[in-house]
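Structure record follows, encoded as C-alpha coordinates.
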Amino acid sequence: MTRAVDDPGQDYAAAGFGASLAPGRKPVLLLIDFSRAYFDAASPLYAGVEAARASAARLHTAARAAGVPCVFTRVEYSADGHEGGLFYKKIAALKCFERGNPLGDFTPELAPLPGDEVVTKHYPSAFFGTRLAEHLHARGIDTILVTGLSTSGCVRASAVDAICHGFVPLVVTDAVGDRDAGVHAANLFDLAAKSADLVSEAQALAYLAGLQR
(Lines give C-alpha, C1' and ligand atoms only; values in the text may rest on other atoms or scores of the structure.)
Protein backbone atom coordinates (compact mmCIF):
# COMPACT_ATOMS: atom_id res chain seq x y z
CA MET A 1 0.00 0.00 0.00
CA THR A 2 1.27 3.48 -0.88
CA ARG A 3 1.50 5.87 2.05
CA ALA A 4 -0.51 9.10 2.03
CA VAL A 5 1.04 12.48 2.88
CA ASP A 6 -0.68 15.76 3.71
CA ASP A 7 1.61 17.89 1.54
CA PRO A 8 3.24 15.97 -1.34
CA GLY A 9 5.25 19.00 -2.44
CA GLN A 10 6.82 19.44 0.98
CA ASP A 11 7.38 15.69 1.32
CA TYR A 12 9.18 15.43 -2.03
CA ALA A 13 11.28 18.52 -1.31
CA ALA A 14 12.31 17.18 2.08
CA ALA A 15 13.43 13.95 0.42
CA GLY A 16 15.65 15.86 -2.00
CA PHE A 17 13.52 15.90 -5.13
CA GLY A 18 12.96 18.90 -7.39
CA ALA A 19 16.33 20.63 -7.60
CA SER A 20 16.45 23.37 -10.24
CA LEU A 21 18.53 22.98 -13.37
CA ALA A 22 20.47 25.78 -15.05
CA PRO A 23 19.26 26.50 -18.60
CA GLY A 24 21.99 26.97 -21.18
CA ARG A 25 22.46 29.46 -23.99
CA LYS A 26 21.77 27.09 -26.89
CA PRO A 27 18.16 25.90 -26.69
CA VAL A 28 15.82 24.26 -29.12
CA LEU A 29 12.03 24.55 -29.12
CA LEU A 30 10.45 21.09 -29.26
CA LEU A 31 6.82 21.02 -30.44
CA ILE A 32 5.43 17.55 -29.84
CA ASP A 33 2.59 16.12 -31.94
CA PHE A 34 0.42 19.18 -32.54
CA SER A 35 -1.77 17.16 -34.88
CA ARG A 36 -5.41 17.53 -35.85
CA ALA A 37 -6.23 14.39 -33.85
CA TYR A 38 -6.13 16.40 -30.60
CA PHE A 39 -8.25 19.28 -31.91
CA ASP A 40 -11.01 17.63 -33.97
CA ALA A 41 -14.02 16.99 -31.74
CA ALA A 42 -14.84 13.85 -33.74
CA SER A 43 -11.42 12.32 -33.05
CA PRO A 44 -11.01 9.75 -30.25
CA LEU A 45 -7.93 11.70 -29.17
CA TYR A 46 -9.69 15.07 -28.94
CA ALA A 47 -8.38 16.70 -25.78
CA GLY A 48 -9.64 20.29 -25.69
CA VAL A 49 -6.10 21.67 -25.61
CA GLU A 50 -6.51 24.67 -27.89
CA ALA A 51 -4.99 26.99 -25.28
CA ALA A 52 -1.80 24.91 -25.24
CA ARG A 53 -1.59 25.15 -29.02
CA ALA A 54 -2.01 28.94 -28.91
CA SER A 55 0.75 29.21 -26.31
CA ALA A 56 3.08 27.01 -28.34
CA ALA A 57 2.35 29.08 -31.46
CA ARG A 58 3.48 32.23 -29.64
CA LEU A 59 6.63 30.46 -28.51
CA HIS A 60 7.24 29.27 -32.07
CA THR A 61 7.12 32.84 -33.32
CA ALA A 62 9.44 34.04 -30.55
CA ALA A 63 11.92 31.21 -31.03
CA ARG A 64 12.23 31.85 -34.75
CA ALA A 65 12.70 35.57 -34.08
CA ALA A 66 15.50 34.72 -31.65
CA GLY A 67 17.20 32.37 -34.10
CA VAL A 68 16.42 29.34 -31.95
CA PRO A 69 15.90 26.11 -33.91
CA CYS A 70 12.44 24.57 -33.82
CA VAL A 71 11.70 20.85 -34.05
CA PHE A 72 8.21 19.52 -34.68
CA THR A 73 7.36 15.88 -34.12
CA ARG A 74 4.66 13.93 -35.86
CA VAL A 75 3.42 10.34 -35.67
CA GLU A 76 2.83 8.09 -38.66
CA TYR A 77 2.16 4.38 -39.09
CA SER A 78 1.58 1.98 -41.93
CA ALA A 79 -1.89 0.42 -42.15
CA ASP A 80 -0.83 -2.48 -39.93
CA GLY A 81 0.96 -0.26 -37.42
CA HIS A 82 4.00 -2.53 -37.35
CA GLU A 83 6.36 0.42 -36.70
CA GLY A 84 4.71 0.95 -33.32
CA GLY A 85 4.95 -2.64 -32.12
CA LEU A 86 3.19 -3.30 -28.82
CA PHE A 87 2.62 0.42 -28.25
CA TYR A 88 0.39 0.51 -31.33
CA LYS A 89 -1.52 -2.53 -30.07
CA LYS A 90 -1.96 -0.99 -26.62
CA ILE A 91 -3.76 2.17 -27.82
CA ALA A 92 -6.47 1.70 -30.45
CA ALA A 93 -6.71 5.47 -31.01
CA LEU A 94 -3.27 5.45 -32.63
CA LYS A 95 -5.07 4.45 -35.81
CA CYS A 96 -5.61 8.21 -36.16
CA PHE A 97 -1.99 8.37 -37.27
CA GLU A 98 -2.13 5.80 -40.05
CA ARG A 99 -0.57 7.18 -43.21
CA GLY A 100 -3.09 9.23 -45.20
CA ASN A 101 -5.40 9.97 -42.27
CA PRO A 102 -5.84 13.76 -42.11
CA LEU A 103 -6.01 13.57 -38.31
CA GLY A 104 -2.26 13.06 -38.36
CA ASP A 105 -1.65 16.36 -40.14
CA PHE A 106 -0.58 19.61 -38.49
CA THR A 107 -3.22 22.28 -37.99
CA PRO A 108 -3.14 25.68 -39.73
CA GLU A 109 -2.83 27.37 -36.32
CA LEU A 110 0.54 25.70 -35.67
CA ALA A 111 2.61 24.02 -38.35
CA PRO A 112 6.27 23.86 -39.40
CA LEU A 113 7.64 26.76 -41.41
CA PRO A 114 10.64 26.78 -43.76
CA GLY A 115 13.76 26.09 -41.72
CA ASP A 116 11.95 24.10 -39.02
CA GLU A 117 12.81 20.43 -38.61
CA VAL A 118 10.18 17.68 -38.62
CA VAL A 119 10.85 14.37 -36.86
CA THR A 120 8.57 11.41 -37.52
CA LYS A 121 8.26 9.05 -34.56
CA HIS A 122 6.41 5.85 -33.73
CA TYR A 123 6.65 5.79 -29.93
CA PRO A 124 5.93 8.33 -27.17
CA SER A 125 9.40 9.85 -26.88
CA ALA A 126 10.71 12.20 -29.55
CA PHE A 127 14.08 10.51 -29.00
CA PHE A 128 13.19 6.81 -29.11
CA GLY A 129 13.95 5.31 -32.50
CA THR A 130 14.97 8.67 -33.99
CA ARG A 131 18.27 10.50 -34.48
CA LEU A 132 17.09 13.58 -32.59
CA ALA A 133 19.58 13.34 -29.71
CA GLU A 134 22.57 12.93 -32.04
CA HIS A 135 21.37 15.79 -34.20
CA LEU A 136 20.93 18.15 -31.25
CA HIS A 137 24.28 17.21 -29.72
CA ALA A 138 25.96 17.87 -33.06
CA ARG A 139 24.48 21.39 -33.03
CA GLY A 140 25.66 22.06 -29.49
CA ILE A 141 22.14 22.23 -28.07
CA ASP A 142 22.07 22.21 -24.27
CA THR A 143 18.46 23.06 -23.38
CA ILE A 144 15.07 21.91 -24.68
CA LEU A 145 11.92 23.99 -24.33
CA VAL A 146 9.28 21.26 -24.30
CA THR A 147 5.79 21.93 -25.61
CA GLY A 148 3.14 19.60 -26.95
CA LEU A 149 0.70 16.79 -26.39
CA SER A 150 -0.03 15.01 -24.32
CA THR A 151 1.46 15.81 -20.93
CA SER A 152 1.10 12.27 -19.57
CA GLY A 153 2.30 10.61 -22.76
CA CYS A 154 4.66 11.98 -25.36
CA VAL A 155 5.58 15.14 -23.44
CA ARG A 156 6.52 13.18 -20.34
CA ALA A 157 8.44 10.53 -22.28
CA SER A 158 10.33 13.14 -24.27
CA ALA A 159 11.25 15.20 -21.19
CA VAL A 160 12.55 12.11 -19.38
CA ASP A 161 14.61 11.09 -22.40
CA ALA A 162 15.87 14.65 -22.80
CA ILE A 163 17.47 14.69 -19.35
CA CYS A 164 18.81 11.17 -19.89
CA HIS A 165 20.55 12.44 -23.04
CA GLY A 166 22.10 15.35 -21.14
CA PHE A 167 19.76 18.19 -22.15
CA VAL A 168 18.07 20.54 -19.68
CA PRO A 169 14.31 20.02 -20.19
CA LEU A 170 12.16 23.10 -19.59
CA VAL A 171 8.53 22.03 -19.79
CA VAL A 172 6.38 25.04 -20.66
CA THR A 173 3.28 24.49 -18.57
CA ASP A 174 1.04 26.76 -20.67
CA ALA A 175 2.06 25.00 -23.87
CA VAL A 176 1.43 21.37 -22.89
CA GLY A 177 -1.93 19.72 -22.37
CA ASP A 178 -3.83 16.53 -21.69
CA ARG A 179 -7.37 15.24 -21.93
CA ASP A 180 -7.82 15.29 -18.13
CA ALA A 181 -6.80 18.14 -15.82
CA GLY A 182 -5.94 15.84 -12.93
CA VAL A 183 -3.70 13.63 -15.04
CA HIS A 184 -2.07 16.74 -16.51
CA ALA A 185 -1.34 18.20 -13.07
CA ALA A 186 -0.04 14.93 -11.62
CA ASN A 187 2.39 14.44 -14.47
CA LEU A 188 3.67 18.01 -14.25
CA PHE A 189 4.23 17.50 -10.52
CA ASP A 190 6.22 14.33 -11.13
CA LEU A 191 8.23 15.85 -13.98
CA ALA A 192 9.18 18.79 -11.78
CA ALA A 193 10.25 16.44 -9.00
CA LYS A 194 12.40 14.10 -11.08
CA SER A 195 13.08 15.03 -14.68
CA ALA A 196 12.50 18.65 -15.72
CA ASP A 197 12.03 22.25 -14.68
CA LEU A 198 8.61 23.79 -15.19
CA VAL A 199 8.35 27.27 -16.70
CA SER A 200 5.41 29.42 -17.72
CA GLU A 201 4.99 30.83 -21.21
CA ALA A 202 6.02 34.24 -19.88
CA GLN A 203 9.20 32.80 -18.40
CA ALA A 204 9.98 30.96 -21.63
CA LEU A 205 9.47 34.11 -23.68
CA ALA A 206 11.74 36.07 -21.34
CA TYR A 207 14.39 33.34 -21.66
CA LEU A 208 14.21 33.51 -25.46
CA ALA A 209 14.38 37.30 -25.43
CA GLY A 210 17.42 37.18 -23.16
CA LEU A 211 19.33 35.10 -25.69
CA GLN A 212 19.39 38.08 -28.05
CA ARG A 213 21.24 40.35 -25.59
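Mind checking which residues of region 9-31 are surrounded by 13 or more Cβ atoms within 10 Å (Cβ to Cβ), in a helix (DSSP H, G or I) and among the hydrophobic types (A, V, I, L, M, F, W, C)? Hit for region 9-31 is ALA13, nothing else. When ALA57, ALA37 are checked against the criterion of being touching a Leu at 6+ places or on another chain (Cβ under 6 Å), crowded, with 16+ Cβ neighbours inside 10 Å and closer than 19 Å to ALA181 by Cα, ALA37 stands alone in meeting it.
Answer with yes or no whether LEU145 is touching a helix residue (DSSP H, G or I) at 6+ places or on another chain (Cβ under 9 Å), farther than 30 Å from GLY24 by Cβ and among the hydrophobic types (A, V, I, L, M, F, W, C). It is false that LEU145 is touching a helix residue (DSSP H, G or I) at 6+ places or on another chain (Cβ under 9 Å), farther than 30 Å from GLY24 by Cβ and among the hydrophobic types (A, V, I, L, M, F, W, C). Among the numbered conditions (1) at pLDDT 95 or above; (2) not in a helix (DSSP H, G or I); (3) not aromatic (Phe, Trp, Tyr), the only one that ASP6 does not meet is (1). Selection of region 60-92 for residues being within 19 Å of GLY177 (Cβ to Cβ) and in contact with a Ser or Thr (Cβ under 8 Å, 6 or more places away or on another chain) yields THR73, ARG74, VAL75.
The values are calculated or read from the model by the stated rules, or taken from the named source; none is laboratory data. Values in this document were obtained by computation on a predicted structure and should not be read as measured data. Cβ: placed from backbone, ideal geometry, glycine included. Neighbour counts: every protein chain shown.
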